[in-house]
Every structure is written in C-alpha cells, then in structure tokens.
Amino acid sequence: MRVLAAMSGGVDSSVAAALLADQGHQVVGATMKLWGGPSDSGCCSVSDVDDARRVCHQLGIDHHVFNFSEDFERHVVGPYVDAHRTGLTPNPCIECNRHIKFDRFLDRALQLGFDAVATGHHARVEARPDGAAALVRGRDGAKDQSYVLSMLGQAQLRRLLLPVGEMTKAEVRAEATRRGLRTAAKPDSQDVCFITASAGRTAFLGDRIELHPGLLVEAATGATAGTVEAIELVTVGQRRGIGAGPDGRRHYALSVDPGAGRVTVGPLEELMTDVVEVGPWTWTAGPVAPDTPASAQLSAQFSAPLSAQLSAHGRPLAARLESEGRRVRLAQPTRRVAAGQTVALYAGDEVLGSAVAV
Amino acid sequence: MVAYLDHAATTPMRPEARRATLAFMSEAGFGNPSGAHSVARAARRAVEDAREVVAAALGAEPSQLVFTAGGTESDNMAVAGRSSRGPILCSGVEHDAVLESVRAAGGTTLRVSRDGQLDLDDLKAALGAEVPPSLVSVMTANNETGVVQPLDRIIGIVRRKAPSALVHTDAVQAVNWVDPASATAGADLVSISAHKFGGPQGVGALVVRNPAGLDVTVHGGGQEAGRRSGTHNVAGIAGLAAALAVVQEEREALVKRVADLRDRLADGLLTSIPGAVETGRREDKVAGICHLCIPGVESEALIFLLDQAGVCASAGSACASGATQVSHVLRAMGVPEELARGALRLSLGWTTTDGDVDAALEAVPAAVARLRSAP
C-alpha cells in the first residue's frame, strides 16, 4: 500500500513509519505545521519538524511538510477560545484529530493518491466479524489513546493504520533505540500543544479574549461566597481559587455562566453525579441509527459490557444510554463532566462512538 | 530523469566555477589569506583576483566590494549598517532577508502595484516624512515573480526627495538576466549571491560605494578592510568570480534562449490549465521565471505531485520548517487569497532544456486536473 505517515517528530510516529516501511509499504512521511506561535513541544515547532525529517532520512523515506496552520487556527484554536468565552471546557486535541489529522490530512493523502494514513496513536483498528473496521484500545493500557480517536467513523478507520497500537510504550522506545532513531528518548508530548507551560492558559486566553471577573455563588443558599478574577478560566470541577463553604469544607465549581458572571459552587457531594447529558453521537461503525441508540439495543448487540470514558486518562465507568442517547447513566457517581468535554462509549475495549457533554 | 525547474532557489554550478572552487579545496590551495607566508599569499591572490573580476562586473571599484557569506548576510549588513542613522524603507515584496532586517530595525514597508512594482506615490509620500530615511531598499528583480523594479526612476526620486538617503538593491535574482553594472548603477549598496548564478552556495558580496556611510556590523579580525571580519571563504570567492565571468560572457545568449523556453512554458500552461493566471506582466519579468496562480489547487499538493512526476518546482515561499505559506509578495500585490494558495513558480536556468519544458507541460496540467477532480 501507499501510506502517508503523519509524523509529529515524536517517538511513536517515528516507530510507526519505520514498522510500515519494514512491512513493505511505500511510506512517505509528512509533518503538519499547525501552529506558528510559541510551543513547548507539541507537534509543530521547527525542531519537531527537523526530528521528523531526520527520522525519515534514517528510514530512507521521503518527508514533506504540510502547512495546515490556517485550518488549525480556524478549527481548533479559534473554537477553543470561543468555547472558553462561553463557559465550555473544550478538548482541542480531539478537535484537532476531528478536523485536521483525520479530515484535512486524510483528504490530502487521498488527493495525492495514498491508500491509507498512519499515525503513532496507541490504539488498534481491527476487522469486526461484520466487516466493519473497529477501533480498539491499544495494548498498553496506561498509554491507550483510543479516547482521542473516538470521534472517527468508518470513512476514516478503513484508511487508518496504527502500527504501534500492538506495542507497549516501552517496546516502542526500545524499537526506536534499536534503530538508532533520534526521537527514541524524546519525552511524551504534554497537554495542549499551543499553550506553553511557562505562560499558561491564562496568558494565552488573556491575549485573545477579554477576561471578566465573576461571582462565586453557593448552590445551596444562593449566597455570594467570593469572586474570581477571570470567569472564562474557571472549569467545572475546579477547586483552586474557589475557596470553602461556611463550614470550612472545600468548594468546587459546579457550573460556570460567563453571561451572568456567576460560578455556582458547592461541596464535593454536589459535584458528584451519575448522569452526563450529551449532544449527538458520532459512531465508529454506525450500527445504531444516529441519535436513537436505545440502550437495550446496544447492550444486546455487544457481548461486552458498556462503559464510558470521560477524559483522556480517565478509567472506563460502567454506563448505559438513556433518553434517545442524549443521557449517559453511570453505574457509580463520578465528578461532573464539564460541558465541552468528550464522552467516549465503549463495549469492552472497542470504541462505539463519542459525544460532547452539554 | 528529473526536470529541474527551481533555478531561482539554486542553480547548478558552472563547470568553470567548480574547477575554480576545487582548486582551493586541494592539497596546495588551502591558505588563510591573512597570513604572511607563501601559502597565504597564494590564497590572498585568489581573493584579490576574484575581487577585480566581480567588481568590474558590478560596475564597482575593487575597494568597494565586500565578500560575504551570501545574499542574506549582504542584505543584513546593508540594512543593519544604516539603522543607527535614521528610518529605513523597503518595498513590501522584498526577500525576507531584507524584509525581516527592516522589521528588526523598526522600518517601514512601501506598497507595490498589482503588477508588483513599487508604488512611486507611496515612495514619494514616505520620503517626504519629517525625519528623512537613512536607507531605501528595493530589489532589482523579485525572487518569486521575477518582476524587475524601475530602479532608475526609484533612485532618481530618492535623490531628489531625500538626498541623504542611501539606496540598497538586492540583486540576488537579477545577475543571470540583466547586466548588473548598468541595472544597479545608481545604487549605493548592492547584494549578490553566488549560487543563484552558477557559483557555490554560502558566498556572496555587497557593493559598498561609500564605506564611511555604512556602520560595521561584523566585528573581528578586520578582514575586508574591517567591514566584514572572518576568514575568507577562498574557495567560494574563487567560484563566485569564475561563475560571474561566465555569466557576463554568456548572458545575452542565455537570456534569449531561456526567455524562449519560459515563454513556451508559460503560454503552454496558460492554455492548458483553465483559470491559470500569470503573475505580473511578462515584459516586466526576468527571463528565468514563470510564475502562475492556479485556482482550485493548493501549492503544497501540486508540488508534491510534481515531485512524484519528476518535476522540481516551488511555491516560491516557504517558512523555516519547510512548510509552504501564502506568499507575502502575492499578498502585497493584492493577489486574491484563493489564487495565491495555488501559486506555482517554475524557474529556469542555464541547464534548462526543451525536454524540461516538455516534462512540465505534461506534468503540471495532469497534476492540476487530478487535484481538481479529487473528492
């Protein structure tokens, strides 16, 4: 096959490209230039492009750079900023996967005559008995990244190769070391690539939107419990800067309403919930008509129990769907999910789909 | 077989230049020209021989020529060497080597017309400012579009309106195609780069007509009469001079031959690609550049497919990572974004053949058709 390997300059995508070349595929490496501003490492500094290019030199494959920075601004950074303005907590990595890596990049690959794209994500694509391509957790449970791919559908999964999904992270690093790849010991990328650790989210958002002070209001009594400097920076579930109740117990942000300038706060038990309301689902294999997944249907269809994962590094929580799929009911209460975050639905290790919490 | 149509990025070395370069990468030719012995003297002689050849070609005195590490260093020296003496102006279509230097010095960019030539009214207005500029930098020919600037008229206006200002011209892309001595005759500072005309990479020169007018920005051992310290790149300097000597001799024939090839290429592509638009007026452009904007395609994808088809082309502008970006030159010319995204520069040179043009005439329309039909 002709494969276009997305190479971030990290160890996982380096090894992914190497394995595919070994398997006899015609591999071309490509690095997406997404962000021109300051970055700790992320995926798009010049040094990361250089690393990807050097790995391609070592592997004897061509390397290209695709400048998708305008698309990244339009589909990832802009919406990230807008979401904060309206009190949502977005997941820009998922939006990047949705709009850039598995839309813009995949389209480009197909346009250029490639049969498939490859990335270094720790997840697996497997053929299901019904012929559909299933998205499955990576073998290294601690490094599994299926959550951030949970918005993919058949159109993407059928053209996606994830060669390191069968390996543990330690095996990936060992393989990179064995091949003498310069990325072998490179640290894993952390957090949002366009926000630096030094300046942080506050400075980033402060440069792009006006930040407003907000009132902290106790959920139980409606009493004012304090203020925050920038309501746009408060996330549901946040404890820092929220203070404590009259009884001295720690308070958490329960909901954020920038329009009204109010953050509702309360103790931990008020943060706990067994319900997540979500928007429409995208299904990996689409066996259930969109937006009408009766939970009974889903449970009967999959031999494995259903679970929901509420964050990139969260544990799977036993779950079922209610209200035409617009509500996820968890078997155990957990901390409230901020609106804007992604909920991924699994049957066992297989991703069924994803939806955004509202 | 690769059809190399990226001569504006770098052109293959002339055999004469290669021989001259290698002579100073040999067992005998290794001296540091600053030494006081026979080995050093041989190297020094090569540098001074080269200086005479290059100065003559550029219409300058040997004492007015400073060898540098290339066009970018020459441009930086010209701009930074004037920045203490007042505001700096440059056209909005300059190469980044000038543009970024002018930005770093807090200077101002001037508008250009839709054809890519400096807006003379904007120049006059800027020259009339309360504090006169110390430097006006306008390139001889543009590296993306090939458009030649009306340098004589620009210099005339500067002399009348701001007599204390110096004029710098980046002639890096011009040397193959116009006689540099006459084209840059009125300029105070002139940048050239060897690898654009068949010399080696990493060596260039700056003409400084009046050394007292330029602050020294590279300090050290005092080479080049104290204006550019650092051990000479003897091999490179010898290669630069040898290449320039050949170009001087062959320019007339080269321009005629390459202009015919370029016209056939540009006309063929304009005919076979619906919607394609040539950038700038043909009669304003150097012979070696065919620049088109092709709606409905993205330069990056087009150049990828051309690469696969064995045609080396360029979008004309790239950032440090190697990614293609929408060109500031096209933006300054007011080319609509939709067209600028599909920019394609095919640049020809002394090795270009009919076969190269045929290859491009086949590959470019095919690639465009493919990209336009993709889902």
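Bear in mind that the values in this text are calculations on the coordinates, not laboratory data. Quantities reported herein were computed from a predicted structural model and do not represent experimental measurements. Note: ideal-geometry Cβ built from the backbone for every residue, glycine included; neighbour counts use all protein chains shown.
Please list, in chain and number order, the residues 5+ apart from residue A:317 or on another chain whose amide H is under 5 Å from its amide H, with Hs placed from the backbone.
When sequence neighbours closer than 5 places are left aside, the close amide H contacts are A:308, A:309.
Determine the gain in length on full extension of the stretch residue A:154-residue A:269; use 0.36 nm per residue of separation and subtract their C-alpha separation, reporting nm with one decimal. Numbers along the way, then the final one.
Working: separation 115, 0.36 × 115 = 41.40 nm, distance 4.01 nm.
In short, 37.4 nm is gained.
Given only helices, namely DSSP H runs of n ≥ 4 each adding -39500 (n - 2.57), what is the per-residue ellipticity at 222 nm of the protein assembly as shown, to the nearest 500 deg cm²/dmol?
Result for the protein assembly as shown, helices only: -9500 deg cm²/dmol.
Relative to the present Cα-Cα distance, how much length would full extension add between residue A:223 and residue A:2 at 0.36 nm per residue of separation? Show your work: numbers first, answer last.
On the way: separation 221, 0.36 × 221 = 79.56 nm, distance 6.33 nm.
Fully extending the segment from residue A:223 to residue A:2 adds 73.2 nm.
About its Cα centre, what dipole magnitude does the protein assembly as shown give when the only charges are +1 on Lys and Arg Cβ and -1 on Asp and Glu Cβ, stated in debye to the nearest 20? Could the numbers behind the result be given before it?
On the way: 71 positive and 82 negative charges, 172 e Å.
Its charge dipole is roughly 820 debye.
Can you find, among A:221, A:256, A:231, the residue farthest towards the positive end of the dipole of the range A:210-266? Put +1 on the C-beta of Lys and Arg, -1 on that of Asp and Glu.
Selected residue: A:221.
For residue A:352, list long-range residues whose amide hydrogen, built 1.01 Å from N in the peptide plane, is under 5 Å from its own amide hydrogen.
A:345, A:346, A:347
Counting other beta carbons within 10 Å of each residue's own, what order do B:45, A:53, B:82 fall into, fewest first?
Ranking B:45, A:53, B:82 by Cβ neighbours within 10 Å, fewest first, gives B:45, A:53, B:82.
Please compute, for peptide A:120-127, the average count of beta-carbon atoms on other protein chains lying within 10 Å of each residue's beta-carbon.
0
Would you grab the residues whose amide H sits under 5 Å from the one on residue A:7? Only those 5+ places off in sequence or on another chain, please, with H modelled 1.01 Å from N.
A:30, A:31, A:32
Can you sort B:203, A:15, A:136 from fewest to most other Cβ atoms within 10 Å of each residue's own Cβ?
Going from sparsest to densest Cβ surroundings: A:136, A:15, B:203.
Write down Rg/Rh for chain A, rounded to two decimals, with Rg from the C-alpha atoms and Rh from the Kirkwood relation over Cα pairs.
That ratio is 0.99, to two decimals.
Rounded to whole Å, give me the distance from the Cα center of the range B:293-333 to that of the range B:77-152.
About 25 Å separates the Cα centre of the range B:293-333 from the one of the range B:77-152.
Once both axes come from the Cα atoms, what is the angle between helix B:71-80 and the longest principal axis of chain B, in degrees from 0 to 90, rounded to 10?
Taking Cα atoms only, the helix is inclined about 60 degrees.
So which of A:101/A:143; A:33/A:101; B:196/B:256; A:33/A:186; A:33/B:196; B:161/B:285 end up more than 22 Å apart, counting from Cα to Cα?
Exceeds cut-off: A:33/B:196; B:161/B:285.
Short version: ³J(HN,Hα) in whole Hz for each residue of the range A:223-239, in order, from phi by Karplus 6.51 cos²θ - 1.76 cosθ + 1.60 (θ = phi - 60°), x for Gly and Pro, what are they?
Result, rounded to whole Hz: 7, 6, 10, x, 9, 10, 6, 9, 5, 5, 9, 8, 10, 3, x, 5, 10.
Among A:95-105, B:146-156, A:124-134, what's the highest-first ranking by average C-beta atoms within 10 angstrom per residue?
Details: A:95-105: 21.5, B:146-156: 19.5, A:124-134: 14.2.
Taking the mean over residues of other Cβ atoms within 10 Å, the ranking is A:95-105, B:146-156, A:124-134.
Could you work out, residue by residue across A:62-72, how many beta carbons of other chains sit within 10 Å of that residue's beta carbon, and then give the average as an integer?
If you average over the peptide's residues, the count of other-chain Cβ atoms is 4.
Please report A:57, A:75 as a ranked list, fewest other C-beta atoms within 10 angstrom at the top and most at the bottom.
By the 10 Å Cβ count, ascending, the order reads A:57, A:75.
In Å, the Kirkwood hydrodynamic radius of the protein assembly as shown over pairs of distinct alpha carbons?
Details: mean 1/r = 0.0340 Å⁻¹.
Over the protein assembly as shown, the inverse of the mean reciprocal pair distance is 29.4 Å.
Taking the Cα-to-Cβ direction at residue B:256 and at residue B:283 and moving 7 Å from each Cα, how far apart do the two end points lie in nm?
It works out to 2.1 nm between the two label points.
Based on the mean of other Cβ atoms within 10 Å per residue, sort peptides B:96-106, B:232-242, A:172-182 so the most packed one is first.
So the peptides B:96-106, B:232-242, A:172-182, ranked by packing, come out B:232-242, B:96-106, A:172-182.
Can you list the HN-Hα couplings for the range B:168-183, worked out from phi with the Karplus curve (6.51, -1.76, 1.60; θ = phi - 60°), rounded to whole Hz and with x for Gly and Pro?
Result, ordered by residue: 10, 10, 7, 9, 3, 8, 9, 4, 5, 10, 10, 5, x, 5, 7, 5 Hz.
Spelling out what I want: for every residue of the range A:323-336, take phi, set θ = phi - 60°, compute 6.51 cos²θ - 1.76 cosθ + 1.60 (Karplus), and round to whole Hz; glycine and proline get x.
Values per residue, Gly and Pro as x: 6, 6, x, 7, 9, 9, 9, 9, 5, 10, x, 9, 5, 3 Hz.
Can you compute the FRET efficiency between residue B:104 and residue B:159 using 1/(1 + (r/R0)^6), with r the Cβ-Cβ distance and R0 = 25 Å? Round to the nearest 0.05.
0.40
Considering every residue in B:295-308, what mean count of other chain Cβ atoms within 10 Å of its Cβ is obtained? Display every interim value, and only then the final one.
On the way: counts 0, 0, 1, 4, 1, 9, 6, 0, 1, 10, 3, 0, 2, 4.
Averaged over the peptide's residues, the number is 3.
State the extension gain, in nm to one decimal, for the chain segment bounded by residue A:178 and residue A:209, taking 0.36 nm per residue of separation less the distance between their alpha-carbons.
6.4 nm
To the nearest 0.05, what FRET efficiency results for residue B:215 and residue B:370 with a Förster distance of 35 Å applied to their C-beta separation?
For R0 = 35 Å, the calculated efficiency reads 0.05.
What are the aspartates and glutamates whose alpha-carbon lies under 17 Å from the alpha-carbon of residue A:169, with same-chain residues fewer than 8 places away excluded?
Filter leaves A:12, A:140, A:144, A:188.
Nearest 0.05, what FRET efficiency do residue A:250 and residue A:282 give at R0 = 35 Å with Cβ-Cβ as r?
Using R0 = 35 Å, I get an efficiency of 0.45.
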